[in-house]
Amino acid sequence: MRVSGPLAGGEPLSDDIEMQQRRLRLKNAITDLQGMRGMGTELVTVIIPPDKQISDVRGQLSQELGQAQNIKSKSTKKHVTDAIESAISTLNRYGNAGENGIALFVGHVIVGNNKTRLMNIVVDSPPEQIQSFRYRCDSTFEISQLEEMLIDKTSYGLFVIDRGECAYGIASGRRIHCQEEMRSNIMGKHRQGGQSAQRFERLIEEAAHKFFKKSTELACEYWLQYLDDIQGIIIGGPGATKDYVVKHGYFHHEIAKKIREPYFDVGYSNESGLRELVQRAGSLMDRIALDGEREIVDRFLMELNGIAPKATYGEVLIRQALDAGAVDTLLLSEDLKKMTNTYTCNLCKHEWKKTESPGVSPSSCPSCDASSDRISLKKDETISLIDELTLLAAHTSAKVTLISGDSEEGQTLLTAFGGLGAILRYSWS
């Protein structure tokens, strides 16, 4: 099985759509690979970064093939030999590892009742560059490098402050970066009475104002260069200072638009405070990440319930709308697993396409009613329904949005509408 880009020959996909599809294909491949097990150390993983020569990898695999002859168990020897030979045969189709590298997973996988089946899965268009070469022969496949590619890289600005100090930075994926910690040097309250106390109070407030202004300006200057990637600004601190700086407009107006409520009480206003802020704000980050999906599904539902609906659903109607150029935004559930298969009847030579779930056996020929054992699947023309509809959307420059099942709205799209929806450019039927 090859996990790669859409079929050639269609309209070019936008970078954003192509990246969405690469991530989804990788996610589905990882889900399959996670459940695969071998009888022993028989599953071969080959991870090739883009700067590694394919010829060098084939040479190493040939050496491993020779070493496999020393395995005492006849069954294990055969399975390992089969896997390595299959890997070498697969790599013969590639002149180089491509811009992001290749990941190859080959081996006899347990399929039940002590039976195994030789599986060959190739990921040749990962969404990010593979960083290091890896060869491993084990009872499971080595997928850690690929799993790292699926870590959410969404960025959030972080800011913690009190009257004594502050810190700001960015959280992205599993990484928290503290750009700077600052101390205010604001004097404490003056105990003397009279005019002296008033004067010191005024100086303290002026110093506080300067500190708030300087710290927020530096933070905003840092965040503005990443503004397109920042999904929200999260504010925290030990006391009421965090509320004061937001309420009194210390932040740049573009940054202020991205500040998200609530503000979080944390014990510190330094780098430790940033880490505590991320721990406390986990649910807020999840909500921000899903807001965009919620908004577009809500828009789809609103258009669908309008007097002159500018939305449709179901595979047949969506295909018709795509052919008519009526689709503005195509909504596809990430959990949509259906494939478009092409079949040929060996008797009457009739050919037809059918959308169905993976693993479904072909039915009889719709032309001559020949039984399923006379039907052939054209594997080279098999394509996932998601990829096929995305390519059709590219012909009319329709936008495509992949919707996860992590939100209530995403589940609604999957269960109530079969994972397919379309917002239209005009009312159409």
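Can you pull a Stokes-Einstein diffusion coefficient for the stretch 2-149 at 25 °C (0.890 mPa s), Rh from Kirkwood over Cα pairs, as a whole number of µm²/s?
155
Counting alpha carbon pairs within less than 8 Å and at least 6 residues apart, what relative contact order, in whole percent, applies to the stretch 317-429?
In percent, rounded to a whole number, it is 42.
For the chain, what proportion of DSSP beta bridges, expressed in % and rounded to the nearest 5, is antiparallel?
DSSP beta bridges in the chain are roughly 75 percent antiparallel.
Given the peptides 102-112, 411-421, arrange them by the average over their residues of other C-beta atoms within 10 Å, most packed first.
102-112, 411-421
Can you check how the C-alpha radius of gyration of the stretch 320-370 compares to 2.2 N^0.38 Å, as a plain ratio?
In units of the 2.2 N^0.38 Å rule of thumb, it is 1.53.
Just to confirm the number: angle between the C-alpha axis of helix 74-91 and the first principal axis of the chain, 0 to 90 degrees, nearest 10?
In the chain, helix 74-91 runs at an angle near 80 degrees to the longest axis.
Any idea what the alpha-carbon Rg over 2.2 N^0.38 Å comes to for the stretch 126-276?
The value comes to 1.41.
Please report the net charge: other residues with Cβ closer than 14 Å to the Cβ of Ser367, K and R +1, D and E -1.
Spelling it out: positives minus negatives among the neighbours equals +2.
Mind checking the alpha-carbon convex hull of the stretch 260-410 and giving the volume per residue in Å³?
Measuring per residue, one finds 181 Å³ for the Cα hull of the stretch 260-410.
List, in the order given, every pair from Lys338/Lys379; Lys257/Lys310; Lys210/Lys247; Lys27/Lys399 whose Cα-Cα distance in the structure shown is over 26 Å.
Correct reply: Lys257/Lys310.
Between Ser55 and Arg37, how many nm apart are label points set 7 Å from Cα along the C-beta direction?
With each label point 7 Å from Cα toward Cβ, the separation is 4.2 nm.
Looking only at Cβ-Cβ distances, which cysteines of the chain have no other cysteine closer than 4.7 Å?
Singleton cysteines: Cys137, Cys166, Cys178, Cys220.
Under the definition of Cα pairs under 8 Å and six or more residues apart, what whole-number percent is the relative contact order of the stretch 95-245?
The normalised contact order for the stretch 95-245 reaches 20 percent.
Any chance you could get the radius of gyration and Dmax over the Cα atoms of the chain, in Å?
Cα radius of gyration and Dmax of the chain are 28.7, 107 Å respectively.
Note the per residue figure in Å³ for the convex hull of the C-alpha positions in the stretch 325-429.
132
Please report the relative contact order for the chain, taking Cα pairs under 8 Å with a sequence separation of at least 6, and give it as a percent rounded to a whole number.
Relative contact order comes out at 14 percent.
Using a simple charge model, +1 on the beta-carbon of Lys and Arg, -1 on the beta-carbon of Asp and Glu, nothing else, what dipole does the chain show about its Cα centre, in debye to the nearest 20?
Its charge dipole is roughly 760 debye.
For the stretch 33-115, I need the span (max minus min coordinate) of the C-alpha atoms along each principal axis, in Å, sorted largest to smallest.
On the principal axes, the stretch 33-115 reaches 41, 29, 16 Å in Cα extent.
Debye calculation, C-alpha points only, no solvent: report log10 I(q)/I(0) for the stretch 225-342 at q = 0.19, 0.23 Å⁻¹, in the same order as the q values.
-1.05, -1.35
Each value in this text was obtained by applying a stated rule to the coordinates, not by laboratory testing. Source: prediction; values computed, not measured. Here the Cβ is made from the backbone with ideal geometry for all residues, glycine too, and neighbour counts use every protein chain on show.
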